[in-house]
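Presented below is the structure to which this report refers.
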Amino acid sequence: MKRDFLHITDFTTEEIWETLELARWIKKKFYIGEEYHPFQDKSLAMIFAKPSARTRVSFETGFFKLGGHALFLGPNDIGIGARESVGDIARVMSKYNDMIMARLFDHNHMLELAEYATVPVVNGLTDFNHPCQIMADILTVLEHRESLDDLKITYVGDGNNIVHSWLALAMRIPFHFTIACPENFKPDLDMVETAKNAGLSTIDISHEPFEAVEKADVIYTDVWASMGQKEEAEQRRKEFAGFQVNESLIKATGKKTYFMHCLPAERGIEVTDAVCDADYSIIFDEAENRMFAQNAIMVKLMKSI
Ligand code: CP
Ligand code: NVA
């Protein structure tokens, strides 16, 4: 039975921990220069309906480092859902490839892709979520803190796809998760309820960033206008006034705090240069860990077929 990674909750708690351990093991091998080629003669189709730097490069390079070959299919190549139906693309791609990775707008298209594909599908971001990013992020927190005990993460900004994946993680691993967002930019409230009802993590929504960051171990932010919303950027800048992550917000935690951002950042907008470049900023470690977290996810999925 092939498995997909479309949501963090597609993995059990045990599988998430195994994946994080495997990611650390793959990273170690990479840095000591030891070959690990479980994907020899395998290929990965990478379907991108949106732009990308990290996701494209980390999947393509990552799959290659595991001994396989990855193909980039950009928005003008296959026109998923426009030139051809999602289901037909899923079935055709499954004939040539051992795995599919996709970055799409509509989350339902991602579900459809996985339904019709006969090979594992990995979600590289939709309008709804970004599970690979949050796996890399929690790996990064683990590396810096060595334990997730009593961890408080405060997310400041738009209640978007990144927040939905943090909420999904909160259903598998316990931590304190506070979201500080403007009233009109809350995350999906069903998702918040589902995460709360899982009963594992504490989840709060606040509209007061300075209160929300108190005692936070991590302050996380993301762009105020995601891909597909860029025409709203100017209006959003007004609505998000007071939600910028700057040095005074970092100081308001009252403790040692790491700064995280999935990137790309709009420096000077949702976060200042000083915070991005501070010694407590671990944004490039997150980017680095994308490759190792994803490689571990793909190794686990490949074992399912
Ligand atoms: N964080 C992230 O997914 O970056 P890209 O959009 O550049 O892939
Ligand atoms: N929320 C952002 C994340 C980019 C990695 C977006 O969807 O554009």
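Bear in mind that the values in this text are calculations on the coordinates, not laboratory data. What you see is a predicted model; the values in this text were computed from it and never measured. Quick reminder, even Gly has a Cβ in these numbers, built from the backbone with ideal geometry, and neighbours come from all protein chains shown.
The residues HIS130, HIS164, HIS107, HIS144, when put in order of fewest to most other Cβ atoms within 10 Å, stand as HIS144, HIS107, HIS164, HIS130. Converting phi to 3J(HN,Hα) with the Karplus coefficients 6.51, -1.76 and 1.60 and the offset θ = phi - 60°, the stretch 35-51 yields 6, 9, 10, x, 9, 4, 6, 9, 10, 10, 8, 10, 9, 10, 9, 10, x Hz in sequence order, with x at every glycine or proline. One Cα centroid belongs to the stretch 99-148, the other to the stretch 15-54; the line between them spans 13 Å. Quick check on the stretch 32-96: take the gyration tensor over C-alpha atoms, sort the square-rooted eigenvalues as a ≥ b ≥ c, and tell me if it's rounded (a/c under 1.5), prolate or oblate. The shape class here is oblate. Distances between placed amide hydrogens fall under 5 Å for SER281 paired with PHE259, all partners being 5 or more residues away or on another chain. Under 5 Å between amide hydrogens, built in the peptide plane, is the criterion, and for TYR220 it picks out THR154, TYR155, VAL156, MET260 among residues at least 5 positions away or on other chains.
Taking Cα centre as origin and charging only the Cβ of basic (Lys, Arg, +1) and acidic (Asp, Glu, -1) residues, the dipole magnitude of the stretch 203-305 rounds to 400 debye. With unit charges on the beta carbons (Lys and Arg positive, Asp and Glu negative) and the dipole taken about the Cα centre of the chain, which residue among MET46, LEU142, MET171 sits farthest to the positive side? My answer, from the dipole projection, is MET46.
Counted without the sites themselves, the longest stretch of the chain free of GluC sites (Glu not before Pro) in a DSSP loop having at most 11 other beta carbon atoms within 10 Å is 147-305.
The relative contact order of the stretch 219-266 comes to 64 percent, based on Cα pairs under 8 Å that sit 6 or more residues apart.
When +1 charges are put on Lys and Arg Cβ atoms and -1 charges on Asp and Glu Cβ atoms, the dipole computed for the chain relative to its Cα centre reaches about 720 debye.
Exposure proxy ranking for PHE259, PHE292, PHE64, based on other Cβ atoms within 10 angstrom of each Cβ and starting from the fewest, stands as PHE64, PHE259, PHE292. In this simple spin-label approximation, GLN235 and ASP77 carry label points 7 Å from Cα along the Cα→Cβ vector, and these lie 3.5 nm apart. The label-point distance for LYS29 and SER248, in a model that sets each label 7 Å from Cα toward Cβ, rounds to 5.0 nm. Near ASP204, the amide H atoms lying under 5 Å from its own belong to PHE177, THR178, ILE179; only residues 5 or more places off or on other chains count, and H is placed 1.01 Å from N. The alpha carbons of the chain give a radius of gyration and a Dmax of 18.8, 55 Å, in that order. Quick check: from the Cα gyration tensor, does the stretch 105-261 come out rounded (a/c under 1.5), prolate or oblate? Oblate shape, in that a/c is at least 1.5 and b/c is the bigger or equal ratio. The calculated FRET efficiency for the pair ALA278 and ASP190, based on their C-beta separation and a Förster distance of 30 Å, comes to about 0.25. Run the reach check for LYS230 against lysines, Cα to Cα strictly under 26 Å, same-chain hits fewer than 8 apart removed. What comes back? Within the straight-line limit of under 26 Å, LYS230 reaches these lysines: LYS50, LYS186, LYS238. Applied to the stretch 68-85, the Karplus parametrisation 6.51 cos²θ - 1.76 cosθ + 1.60 on θ = phi - 60° returns per-residue 3J(HN,Hα) values of x, 10, 10, 10, 8, 10, x, x, 8, 7, 10, x, 4, x, 10, 5, 8, 5 Hz, with x for Gly and Pro.
Among the trypsin sites (Lys or Arg not before Pro) found in the stretch 38-87, those both in a DSSP coil and sparsely packed, with 16 or fewer other Cβ atoms within 10 Å of their Cβ, are ARG83.
Karplus-derived 3J(HN,Hα) values for the stretch 53-64, using 6.51 cos²θ - 1.76 cosθ + 1.60 with θ = phi - 60°, are 10, 4, 5, 4, 6, 5, 6, 5, 5, x, 5, 5 Hz; glycine and proline are entered as x. Expressed as a rounded percentage, what relative contact order does the chain have, with Cα pairs under 8 Å and six or more residues apart? Result for the chain is 21 percent.
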